[in-house]
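The values are calculated or read from the model by the stated rules, or taken from the named source; none is laboratory data. None of the values given here were measured: they were computed from a predicted structure. Positions of Cβ are generated from backbone atoms using ideal geometry, with glycine treated the same way; all protein chains shown enter the neighbour counts.
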Amino acid sequence: MIKDSPRFEPFSQKPISLLSESGEWIAPFDLDLDEAALKGFYRDLLAARLLDERFIKLQRMGKISFVAPTAGHEAAHVGIAHAVKRGHDWLFPYYRDAGMLLAFGVPATEMMAQMMATKADSHKGRQMPSHPGSQALNVFTVASPIASHIPPAVGTAISMKIRNTGQVVVTSFGDGATSEGDFHAGINFAGAQGAPIVFVCENNRYAISVDYHKQTAAENIAAKASAYGMPGYLVDGMDVLACYYVMQEAVERTRKGLGPVLVETQVYRFGPHSSADDDSRYRPTEEVKAWKQRDPLMRMQRFLEKRGLWTKAWGDSLRNEINEAFSVAIKEAEAAGAIPAEWMFEDVFKDMPRHLKQQLERWRSELSG
Amino acid sequence: MSVKSATMLKTTYREAVREAIRDAMRRDDRVFLMGEDVGKYGGCYAVSLGLLEEFGPERIRDTPLSEAAFVGAGIGAALGGMRPIVEVMTVNFSLLALDQIVNTAATILHMSGGQFNVPLVIRMATGAGRQLAAQHSHSLEGWYAHIPGIKVLAPATLEDARGMLWAAIEDPDPVLIFEHAMLYGQEGELAEDVAAVDIDKAVIRRAGSDVSLITYGGTFYKTMQAAAELAKDGIEAEVIDLRSLRPLDNGTILDSVRRTHRAVIIDEGWRSGSLAAEVSARITEGAFYELDAPVARVCSAEVPMPYAKHLEEAAIPQLPGIVAAAREVLGTHV
Ligand SMILES: Cc1ncc(C[n+]2csc(CCOP(=O)(O)OP(=O)(O)O)c2C)c(N)n1
C-alpha cells in the first residue's frame, strides 16, 4: 500500500527498527499486514535459512565446489523481495542474495541446479555457485567483479523511465562494494538522471577480512546518499518488517518518479565469507555470537508468537515441508544429468560464428581421434 | 640464476613469493605491500600470510575494495619515493584499474618527457583451473604484453617466483608479475640464499633437437610433461620458458627454432590476437626459411571460461593436446 506522506525520515542517526529484540511492534504507525502476509514473511525467512544450510551441506558432500553463506542477511532478502512486484520489477542482486531470489520466486530446482551446474541449470554450467539469475523473472545474473552490476542496473532503470513502464529496479551489494568506482559512478548517474532505482547496501561490516572502518571513514553508508542528491535510509537489517516497510516506501517513491533512493540494511554474516574462508582469522567469535543473538528469524518468531501466530508445531511442520521441497528440488536438479562439455561453445554470440564452429569441429575430432 | 649456497630448502611457489616479499621489505624500507585482504587474511592466495605480524599495518596495508584506487595510489606512492608492491586478486579484477595501468603507469614517463618514472610492481594471479568461472579465470597477461611502457613477467618456476620480485622492484619502470593460480601449491627446492634473477630473458628448461615447445606460466609444467611423454617415443622436445612476456626474448626463441626447425606455442590465453600469435609472427619473421613445418599453437577455446570442472578442463590446453600438436608438426601424428 502506498502512503502519501512518508513514514520514515532519511539520514537517521540510529537504524530504523519496527520490531524490538523481544518481538514487540514499536513502530510509530499501525501494522497493516494481515496474518497470512506476516506468516509469509516468516516462511520466506525460514526458507532462506534452510536453503543456506542445504547449500553448505551439499558443499561439504562435495556436490558444490563453493558457496557464499547467506545466514544473517535473511531479513534484508525477504524485505526486499516482498517490496517489489514479482516478475514486473527488476532485481540486480549480488552473490549473497540466494534467499532474496528464492522469495522473489526463483524455483528451488533452478537454485539447486545453478549450484550444482547440472543440465537443469539455466546458466548451463557457466556461472560459479551462488551466482544465480533468471531472465524469466527479471533477475539479472550475479556478477563476480564487485559492484560491476550497479551501472547496468541504473541503465535498466533509465530504460524503464524512457519507456514509461512503471517498473523499478532494486540493486543490492555489500559494504565493500561501496568503495568501488562503479558504485559511485552508478549512483551519481542515477541521481543525475532521476532513474527509478533503489540501491540497497547489505552492510555486514566485512568485505572478506576487511572491516568496515578500513573500508570507509563515513559513519554509515546511508549518509553517502546526501552527496548524490537522494534520501538515504539506515535500517536495522535484522528486522524483516523494518526492511520491508522502508523498502516499500523507497520502491513506491522511486516508482512515482521521485528519483533514486539508497537504503542501508545493517546485517551480519553469521558464517564465513565463503566455503573457502576461515573467518576466525579476522573477527572475534564473541562478536559473531553477539550478532547471532539478534537472529532475524528469532525476532520474527517472537513477534508472531506474541500474536498467537507461531506455535512450535507450525514451525516444525513448515520446516519439514520446506526441507522436503528442497530434497525434491535437489533430486530433480541431479536427475537432469551432467552438462555436455561442447555446450561451452554456445552463447558466446547469439549465432555461432564461423571460427567457433571450426573450433567446435576440431574439438570433436580431437575427442574422437 | 646465481646460487651462492648449496643448501636447498623444501618450499612452495606460494612461499617463494612470500619470501621474496619479505626479503624486499627487509632490504628496503621504501617497499610496502598493499591490496585487498593482504593483512590478517594473508591475501586471497595466502601469499602474504604472516607478513602483517612481522611488518605491521603501515607496511602491509589492507585497502578499501577499489582496484582503481589502490593501483592508482601505488603509482602515486612510487612517484612519492616509495617502492610499492600492489597485489590485485586476479588479472580479471585488474581490469577495474586498467586506466591507471595503461593510461597512467605505462605512459607517464614518456609523456612527461622522461620526468616522472613509475617504479611500481603489481602482482596478480591469472589463469583457470579453480572452477571460478569467466570473471575470475581468464589469462589476460598477453593483453598487457601488448602495451609499451610496462614490463610483463610470468614466473613459472620457484626460482623465478623467488627471484623476479627483487629485480622488478629495482627496475625503474612499472612491472606486472603474473602468478598462475594453479602454481601456488607447486612444491620444490630452492637454494637458501637465492639472488635476484634477470627479468628479460627466456630460458631453455629442457634441451632437445626435434621441436621447440614455447610456453610460460600456467602451461609450463604441462609442457614439460608433454616433452617427457614425447621422449618415450624418442622425440626430443626443447622447452622454452618465456618468463618475460615484454620484452620478449627473440634471440632464445629464434636460436632454438633454427636448431629444431619446428615450433609449437602453448599459451592459456585465447588464440586470436594472443601472445602465442606474437611469438608465431616473430618466428615467421626471423626464422621462416629454417622451418620444416608450419608453426602450431595450443591455446584456450575461444569462449568465456566455463565453471563446471569438465568444461573448464576442456577449454584450456591439456597434455594430450600439446603432445598431439607436437606430433603433428613432426609429421608423426597418427
Ligand atoms: C572487483 C573485485 N575485486 C575483488 C573481488 C574479490 N572479492 C570477492 S567478495 C569480496 C568482498 C566483498 O565484500 P562486500 O561487498 O562487503 O560483500 P560481502 O561479501 O561482505 O557480502 C572481494 C574483495 C571481486 N570479486 N571483485
Options B:S112, B:S94: the member that is modelled with pLDDT of 95 or more and under 30 Å from A:M115 (Cβ atoms): B:S94
Those residues of the range A:94-135 which are polar (S, T, N, Q) and more than 16 Å from the ligand (Cβ to nearest atom), in sequence order: A:T109, A:Q114, A:T118, A:S122, A:S134, A:Q135
Go through (1) within 15 Å of the ligand (Cβ to nearest atom); (2) of a type in the set (S, T, N, Q); (3) part of a helix (DSSP H, G or I) and name the single condition A:S172 misses. (3)
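Yes or no, residue by residue, for (1) modelled with pLDDT of 95 or more; (2) more than 20 Å from A:W343 (Cβ to Cβ); (3) in contact with a Leu (Cβ under 8 Å, 6 or more places away or on another chain); (4) in a helix (DSSP H, G or I):
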residue	(1), (2), (3), (4)
A:T109	yes, no, no, yes
A:D121	yes, no, no, no
A:K124	yes, no, no, no
A:P129	yes, no, no, no
A:I162	yes, yes, no, yes
Select, from A:S327, A:S317, the only residue that is part of a helix (DSSP H, G or I), of a type in the set (G, A, S) and within 23 Å of A:L58 (Cβ to Cβ). A:S327
Quick one: in the range A:136-153, which of the residues that are surrounded by fewer than 24 Cβ atoms within 10 Å (Cβ to Cβ) and of a type in the set (A, V, I, L, M) is nearest to the ligand (Cβ to nearest atom)? A:A143
Evaluate the range A:226-237: report whether one residue or more is within 12 Å of the ligand (Cβ to nearest atom) and more than 30 Å from A:R163 (Cβ to Cβ). yes
Going through B:A326, B:A281, B:A287, B:A293 one at a time, which residue ends up being away from chain A (no Cβ under 11 Å), of a type in the set (G, A, S) and part of a loop (DSSP other than H, G, I, E, B)? B:A293
Mind listing just one residue for me: the one in the range B:26-41 that is away from chain A (no Cβ under 13 Å) and outside any loop (DSSP other than H, G, I, E, B) and, of those, nearest to A:I208 (Cα to Cα)? B:L33
Of the residues B:G321, B:G269, which is of a type outside the set (S, T, Y), surrounded by 16 or more Cβ atoms within 10 Å (Cβ to Cβ) and in a helix (DSSP H, G or I)? B:G321
Single unsatisfied condition, A:E321 versus (1) surrounded by fewer than 16 Cβ atoms within 10 Å (Cβ to Cβ); (2) without any contact (Cβ under 8 Å) to a residue 60 or more places away in the chain; (3) more than 30 Å from A:M238 (Cβ to Cβ): (3)
Considering only the range B:219-237, I want to know if a residue exists there that is in a strand (DSSP E or B), assigned by TED's automatic domain parsing to the domain that holds B:A314 and surrounded by 23 or more Cβ atoms within 10 Å (Cβ to Cβ). yes
Any idea which of (1) within 13 Å of another protein chain (Cβ to nearest Cβ); (2) out of contact with any Pro (no Cβ under 7 Å at 6 or more places or on another chain); (3) crowded, with 24+ Cβ neighbours inside 10 Å is the one A:A218 doesn't satisfy? (3)
From B:L213, B:L176, B:L183, B:L190, residue being in contact (Cβ under 8 Å) with a residue 40 or more places away in the chain, buried (at least 19 other Cβ atoms within 10 Å of the Cβ) and not in a strand (DSSP E or B): B:L183
State which residue is surrounded by the fewest Cβ atoms within 10 Å (Cβ to Cβ) when the search covers only the range A:72-83 and only residues that are among the aliphatic types (A, V, I, L, M) and in contact with a Leu (Cβ under 9 Å, 6 or more places away or on another chain). A:A81
Count of residues meeting criterion [part of a loop (DSSP other than H, G, I, E, B) and more than 7 Å from every other protein chain (Cβ to nearest Cβ)] in the range B:305-318: 4
Let me spell it out: the conditions are (1) surrounded by fewer than 20 Cβ atoms within 10 Å (Cβ to Cβ); (2) within 15 Å of the ligand (Cβ to nearest atom); (3) hydrophobic (A, V, I, L, M, F, W, C), and A:F66 meets all of them except one. Which number is the exception? (1)
More than 11 Å from chain B (Cβ to nearest Cβ) and surrounded by fewer than 20 Cβ atoms within 10 Å (Cβ to Cβ): which single residue out of A:G232, A:G181, A:G186, A:G194 fits that description? A:G194
Can you name the strands (runs of 3 or more DSSP E) wholly within the range B:42-140 that have at least 3 residues being away from the ligand (no atom under 13 Å from the Cβ)? B:83-90, B:121-126
